[in-house]
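Here's the structure, in structure tokens; my notes come after.
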Amino acid sequence: MANHKSALKRIRQNAAKRLRNRYYNKTARTALKQLRNEEDKKLATEQLPKVISLLDRLAKKNIIHKNKAANLKSKLTKRVNKLA
């Protein structure tokens, strides 16, 4: 167990950040899954900017890597454009 006040505080901060990051990550995965399963082009086109914005925010906060965000955005955009 930690002996210093600052170490105890760091443990609390890390736990809070971990929970917050897990929530953001889960929210993003759910949004991605919903967009991937969308069959209607109109609805998918409406959802795409929201999901892209979400990915950009996660990359900005270093929850996901910026290249991963870019790859996901590219794949999603291709998928939406391919819908009939």
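Here, each number is a calculation from the coordinates, and none is a lab measurement. Note that this is a predicted model, so its numbers are computed, not measured. Heads up, the Cβs are rebuilt from the backbone with ideal geometry, glycines too, and the neighbour counts pull from every protein chain shown.
Among the residues making up region 40-64, a single one is part of a loop (DSSP other than H, G, I, E, B) and farther than 13 Å from Asn21 by Cβ: Asp40. Selection over region 12-31 of residues that are surrounded by 14 or more Cβ atoms within 10 Å (Cβ to Cβ) and more than 19 Å from Asn71 (Cα to Cα) gives a count of 1. If I ask for residues that are within 16 Å of Ser74 (Cα to Cα) and surrounded by fewer than 16 Cβ atoms within 10 Å (Cβ to Cβ), which ones from region 32-45 would you list? Answer for region 32-45, where residues must be within 16 Å of Ser74 (Cα to Cα) and surrounded by fewer than 16 Cβ atoms within 10 Å (Cβ to Cβ): Lys33, Arg36, Thr45.
How about region 55-84: which of its residues are surrounded by fewer than 16 Cβ atoms within 10 Å (Cβ to Cβ) and within 15 Å of Thr27 (Cα to Cα)? The answer is Asp56, Arg57, Lys61.
Does region 13-24 contain at least one residue that is at negative phi, touching a helix residue (DSSP H, G or I) at 6+ places or on another chain (Cβ under 7 Å) and without any contact (Cβ under 8 Å) to a residue 60 or more places away in the chain? Yes; the residues of region 13-24 include at least one that is at negative phi, touching a helix residue (DSSP H, G or I) at 6+ places or on another chain (Cβ under 7 Å) and without any contact (Cβ under 8 Å) to a residue 60 or more places away in the chain. For region 1-11, the set of residues classified as in a helix (DSSP H, G or I) and surrounded by 10 or more Cβ atoms within 10 Å (Cβ to Cβ) consists of Ala7, Leu8, Lys9, Arg10, Ile11, listed by residue number.
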